[in-house]
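Some notes on the structure that comes next.
Coordinate-derived values only; no laboratory data. Predicted model, so just to flag it, every value in this text is computed and none were measured. All Cβ positions, glycine included, derive from the backbone under ideal geometry; neighbour counts span all protein chains shown.
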Amino acid sequence: MTEEAKVKKQAFGENFALYNVDNIDGIKGIPDDSVHFCIYSPPFSSMYCYNNSPRDLGNSNNDEEFYTHFIFLVKELYRVMMPGRDMSVHCMDLPKSKERDGIIGLKDFSGMLIRIMEDAGFVYHAKVCIWKNPVTAMQRTKAMGLLWKQLKKDSSYSRQGIPDYIITFRKPGLNPEPITHKPEDYPVDKWQQIASPVWMDINQSNTLQRESAREETDERHIAPLQLEVIERCIELWSNPGDIVLDPFVGIGSSVYQALLMGRRGIGFELKDSYYQQAVLNCKRAESDAKAPQVGLDAWIGEKKAQTKLEV
């Protein structure tokens, strides 16, 4: 095993375990059928690059290379997920440009992810569209298709804004630990809101503070997933005390929210500065959590007994 494949750093709380390691190496230490819920935002093919490591999925030269790399992780995710349980993936379709792709259009990244997951054995379970303000997107990206002046020039190039998606997959099998909800905690009007195929009410700025994790060499900004999106998924698809895994933990948004909701969290992060910020965020969440502490001691002991990763 190369030096980079080893765990560089690790941090444990009473209810979380974070590892500064490539996720394909780190996940090999997780026991089979042990994760209750998984939620993550993978690199969007070659659109974002977070560091220069060849282990960074964002360093893929093309979609085929991304697929080849990503499938190694997806197969491991299939192994560690409990039967009958769910995995939610945040993504968006990607803009094509003349400079990079030779044509202006959109790339069906969400469809690519669905094919990858189904090839690994997952069942395509659900998809929710998250509305984003096209004016904000136009101001940030200056995309030709969103510009008002393009309507006057040639509206054949005009298009709608690109939403986010949460695509959820289920591992086949009978769920050994049913997820139950009390009517007073999950009233019917709340369920009708969550069951909608389009979430119009997500505050795009409701994310963990992220500037402290940036480095001067970062090629592009990081965009953590909104906490309310994570909260809705965790509440719907997990029980208190369940283990929530994020193989691309970044600055810790999913584990942070899981801890606040009385779950346990596991995360892997390759980039050192993001990992350090994730540890700080998760320690803060654990100290703020009002739910009873359930502990990860037994799980960590089992993990250490089965893994060959070294610190």
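If R0 equals 25 Å, the separation of the Cβ atoms of Gln192 and Thr136 corresponds to a calculated FRET efficiency of about 0.35. Coupling constants for segment 110-126 follow from the phi torsions by the Karplus curve (6.51 cos²θ - 1.76 cosθ + 1.60, θ = phi - 60°), and in residue order they are 4, x, 4, 5, 4, 5, 4, 5, 5, 4, 7, x, 6, 9, 5, 10, 7 Hz; glycine and proline get x. Couplings 3J(HN,Hα) for segment 25-34, derived from phi with the Karplus relation 6.51 cos²θ - 1.76 cosθ + 1.60 (θ = phi - 60°), are 7, x, 5, 5, x, 8, x, 4, 6, 10 Hz, where x marks Gly and Pro. Among the listed pairs Lys6/Lys28; Lys96/Lys127; Lys9/Lys171, which have their C-alpha atoms separated by more than 19 angstrom in this model? Exceeds cut-off: Lys96/Lys127; Lys9/Lys171. Only one residue of Phe109, Trp148, Pro183 has its Cα farthest out toward the positive end of the dipole of segment 105-264, where Lys and Arg carry +1 and Asp and Glu -1 on Cβ, and that residue is Trp148. Remark: His36, His181 ranked as His181, His36, counting other beta-carbon atoms within 10 Å and listing the fewest first. Loop-located trypsin sites (Lys or Arg not before Pro) in segment 120-166 (DSSP state other than H, G, I, E, B) with a sparse environment of at most 13 neighbouring Cβ atoms within 10 Å: Lys142.
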